[in-house]
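The values are calculated or read from the model by the stated rules, or taken from the named source; none is laboratory data. Here the structure is a predicted model, which is why all the values come from computation and not from measurement. Here the Cβ is made from the backbone with ideal geometry for all residues, glycine too, and neighbour counts use every protein chain on show.
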Amino acid sequence: MSLRERLQRARQEEREETFGRRGAVGDSRPMGRARPRPDERHLRAQQERAPEKPQAQPEVQEPQGKPEERELRILRPAEDVSFHSPVRLPDDPHIGIKEKIHSRLVKEIDAEFLEQISSVEDRQRLAREVQKVATAVLNEEPLPLIRSEKTKIINEVIDDVMGFGPITPLLDDESITEVMVNGPEMIYVERGGKIEQAPVRFRDADHVMHIIEKIVSPIGRRIDEASPMVDARLPDGSRVNAVIPPISLVGPCITIRKFSREPLTTDDLVRFGTLTPTVVELLDGAVKARLNIVVSGGTGSGKTTTLNVLSSFIPPDERIVTIEDAAELQLRQDHVVTMEARPPNIEGKGAITIRDLVRNALRMRPDRIVVGEVRSGEALDMLQAMNTGHDGSMTTGHANSPRDMLSRLETMTLMAGMELPLRAIREQIASAIDLIVHQARLRDGSRKITHLTEVLGMEGDVITMQDIYVFEQTGVDDEGRALGRFRATGIRPKFLDQFEAAGIRVPPGMFVDY
């Protein structure tokens, strides 16, 4: 008997021993139709790959059920026991009671009153009404609930009516910096730079949609199947992004970047280790000397917070115009004009872009223009503003390093569609930008200003830069926290001439590394 025949017979006997007269797993052909005969090349490859000794196979439990079901189960990949799936929270046992309370509230509370709530007194009055109705419904239940269950139900109903449902306690928690809703069941938060699952859930996808509508409606935004993405903000300034099906395949999703009710100060950033008092002194002088500053960094690195702190150094007698997609900056000066971009309406018209707002800001006699973030062609308008008498302007951008930030500015300027040569764009960037403040989120979740980099000018076709301060990480401690120090590079920046012209004095040893 030839080798080919022996292999074919052994394969057939193995199939019959495992499945009887049925076909092999995954063989959709009817019984009796032979498989294609393997060619000699395939047989030789099998022999070369075959181990000399049979490997011990893990014991697999025989699947139960009907033969056709058993065949399907065998086809599924085995579970990876090392993977820890998200915790699935149990269904709410009091969902029926809450629905009764909501129905009673609709009947007893005036809808017009709900729309006109603005003052603290109105909210307190509404909370009392909700508590009264909820207590009445709970007292009618045939099975009495313990006091803690009643309190929990009443608080959750109040959160639904007056807040943002089950994520209201997360938004009230000062230690949480980001809330991420991945469908109705999976809710995550960022705390101390680390992501963890929150022990709350929505009832269903409609519940999530109701909360999204509650967020976007007051600011004139919309979300539906025709426009399934939206950027918005909460009353406290926190940034919101919502995505719904068909874009999202896991149900409605909400991402909320929280901001402190009180804007962070330089003392807070020094306490967090984001920067040092020496760096604060240098940045304070840079803003007062009207340097054009770009804050760069990755997602979640703290760029907006740093821009807020830099903006606080602007003298109160200057006119500031801020431009953002969704208003997040919290400037404390009196003479501030805040402008916000607007998405298109349901007919696809009426959009106001950041580029439109930057152009318009030039006609508003600003002393400084602060753009929340440049992403596209508005970079060209921002550079032109910096080069035409609006010194001291500031913006942020996504980049992995100061050099990458310059490359991104080149790309964004080309997106303006002006057909400018690359050298002309680089000259615009080199003459407009004075200082790049680069920020990063380290592996331990901490945010650090890692580079203070001066833009010097052009040498040939290359923009030249020099680092003034850098953060050097030396390792991690026993708890995984990053260890390192801020180090002066020893280079005296060229912009010190602007400091002296503005009457700003710096300590002689500021740029010396001891």
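Hand me the list of helices (runs of 4 or more DSSP H) wholly inside the range 377-471 holding 2 or more residues that are surrounded by fewer than 19 Cβ atoms within 10 Å (Cβ to Cβ).
402-414, 422-432
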Could you say whether any residue in the range 265-274 is touching a residue at least 60 places away in the same chain (Cβ under 8 Å) and assigned to a helix (DSSP H, G or I)?
yes
Given (1) modelled with pLDDT of 95 or more; (2) in contact with a strand residue (DSSP E or B) (Cβ under 7 Å, 6 or more places away or on another chain), number of the condition N292 does not satisfy:
(2)
Does at least one position in the range 106-115 carry a residue that is small (G, A, S), modelled with pLDDT of 70 or more, outside the structural domain of P184 (by TED's automatic domain parsing) and outside any loop (DSSP other than H, G, I, E, B)?
no
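Would you say E472 is modelled with pLDDT of 85 or more and within 28 Å of I314 (Cα to Cα)?
Details: modelled with pLDDT of 85 or more: yes; within 28 Å of I314 (Cα to Cα): no.
Considered against the rule, which asks whether it is modelled with pLDDT of 85 or more and within 28 Å of I314 (Cα to Cα), E472 comes out as no.
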Candidates R271, R239, filtered to the one that is outside the structural domain of T177 (by TED's automatic domain parsing) and farther than 18 Å from A205 by Cα
R271
Return yes when S248 is among the polar types (S, T, N, Q), on the phi < 0 side of the Ramachandran plot, modelled with pLDDT of 90 or more and not assigned by TED's automatic domain parsing to the domain that holds L331 and no when it is not.
yes
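Being within 20 Å of I449 (Cα to Cα), hydroxyl-bearing (S, T, Y), touching a helix residue (DSSP H, G or I) at 6+ places or on another chain (Cβ under 8 Å) and not in a helix (DSSP H, G or I): is that true of S296 here? Before you say what the answer is, go through the steps one by one.
On the way: within 20 Å of I449 (Cα to Cα): yes; hydroxyl-bearing (S, T, Y): yes; touching a helix residue (DSSP H, G or I) at 6+ places or on another chain (Cβ under 8 Å): yes; not in a helix (DSSP H, G or I): yes.
For S296, the condition - within 20 Å of I449 (Cα to Cα), hydroxyl-bearing (S, T, Y), touching a helix residue (DSSP H, G or I) at 6+ places or on another chain (Cβ under 8 Å) and not in a helix (DSSP H, G or I) - is met.
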Those residues of the range 363-381 which are hydrophobic (A, V, I, L, M, F, W, C) and either in contact with a His (Cβ under 9 Å, 6 or more places away or on another chain) or farther than 24 Å from R233 by Cβ (or both) amount to I369, L380
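When you scan the range 154-219 for strands (runs of 3 or more DSSP E) that lie fully inside it, which ones turn up with 3 or more residues that are of a type outside the set (K, R), outside the structural domain of E129 (by TED's automatic domain parsing) and closer than 20 Å to I244 by Cβ?
Working: elements: 176-182, 186-191, 194-197.
Those strands (runs of 3 or more DSSP E) span 176-182, 186-191.
Taking the options R261, R271, name whichever one is out of contact with any helix residue (DSSP H, G or I) (no Cβ under 6 Å at 6 or more places or on another chain), surrounded by fewer than 20 Cβ atoms within 10 Å (Cβ to Cβ) and within 30 Å of L496 (Cβ to Cβ).
Details: R261 fails: within 30 Å of L496 (Cβ to Cβ).
Of R261, R271, the one residue that is out of contact with any helix residue (DSSP H, G or I) (no Cβ under 6 Å at 6 or more places or on another chain), surrounded by fewer than 20 Cβ atoms within 10 Å (Cβ to Cβ) and within 30 Å of L496 (Cβ to Cβ) is R271.
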